[in-house]
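Report on the structure given below.
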Amino acid sequence: MDDGPQMQPVDPAMVKYLRVLVTALSATMIIGFIIITALFVTRFTGSADITLPPSITLPEGTKATAFTQGGDWYAVVTAENQILIYDRLTGALRQTIRIGN
């Protein structure tokens, strides 16, 4: 007596259909990878005009914890919970913002 599983006949049409699906999925994945790589390359190779000031003069006794910049200004966040906004062209202090607790 043979109690083992019986081998089912393989339908050639189903094998061909599955082969087409796997090929289409592989092609889609390859094309998607190429598109994502191209987007990364074109996005990150653009020339960004990032010019940092040569030096920043902070008020006496302040310690810088962060830096950011905009079009015609740059800002320094201090450990004393202040934001110091400077003019990019002159380097003069434009505004001081106190961060409340």
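Give me the accessible area per residue for the range 19-67, probe 1.4 Å, as a whole number in Å².
Accessible surface, normalised per residue, equals 92 Å².
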Mind listing the phi-derived Karplus ³J(HN,Hα) values for the range 22-35, rounded to whole Hz, using 6.51, -1.76 and 1.60 with θ = phi - 60°, and x for any glycine or proline? 5, 5, 5, 5, 4, 4, 4, 5, 5, 5, x, 4, 5, 5
What's the extension gain from Met29 to Thr42 if we count 0.36 nm per residue and subtract their Cα-Cα distance? 2.7 nm
In whole percent, and with a 1.4 Å probe on the protein chains, what portion of the accessible area of the chain is carbon and sulfur? 65 percent
Dipole of the chain [Lys/Arg +1, Asp/Glu -1 at C-beta], most positive-end residue of Phe44, Ile85, Gln6: Ile85
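Just flag the trypsin sites (Lys or Arg not before Pro) in the range 4-69 sitting in loop per DSSP whose Cβ has no more than 11 other Cβ atoms within 10 Å. Kindly include the intermediate steps, with their values, before the conclusion.
Working: sites: Lys16, Arg19, Arg43, Lys63; in loops: Lys63.
Sites meeting the loop and neighbour criteria: Lys63.
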Alpha-carbon Debye profile of the chain, log10 I(q)/I(0) at 0.11, 0.12 Å⁻¹: -0.62, -0.67
Output wanted: per-residue J couplings in Hz (rounded whole) for the range 11-19, from phi through Karplus 6.51 cos²θ - 1.76 cosθ + 1.60, θ = phi - 60°, x for Gly and Pro. 7, x, 5, 5, 5, 5, 4, 5, 5
With a 1.4 Å probe and every protein chain left in place, tell me how much accessible area Ile50 has, in Å² to the nearest 10. 120 Å²
In the Gaussian network model of the chain, springs joining C-alpha atoms below 10 Å, which of Asp87, Asp72, Asp11 carries the largest mean-square fluctuation? Asp11
Which value, in debye to the nearest 20, gives the size of the charge dipole of the range 52-101 about its Cα centre, when Lys and Arg are +1 and Asp and Glu are -1 at the Cβ? 60 debye
Could you go through the range 72-82 in sequence order and give the Karplus-derived ³J(HN,Hα) for each residue, using 6.51 cos²θ - 1.76 cosθ + 1.60 with θ = phi - 60°, rounded to whole Hz, and x for Gly and Pro? 10, 8, 9, 10, 10, 9, 9, 5, 8, 6, 10
Taking the Cα centre of the chain as origin and charging only Cβ (+1 Lys, Arg; -1 Asp, Glu), how large is the dipole, in debye to the nearest 20? 340 debye
Mean residue ellipticity at 222 nm from the helices of the chain, using -39,500 (n - 2.57) per DSSP H segment of n ≥ 4 over the full residue count, to the nearest 500 deg cm²/dmol? -12000 deg cm²/dmol
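The values are calculated or read from the model by the stated rules, or taken from the named source; none is laboratory data. Computed from a predicted structure; not experimentally measured. Reconstructed Cβ throughout: ideal geometry from the backbone, glycine too, with neighbour counts over all protein chains shown. Ligands, DNA and RNA are excluded from the accessible area calculation, which covers all protein heavy atoms including side chains. Shrake-Rupley method; radii C 1.70, N 1.55, O 1.52, S 1.80 Å.
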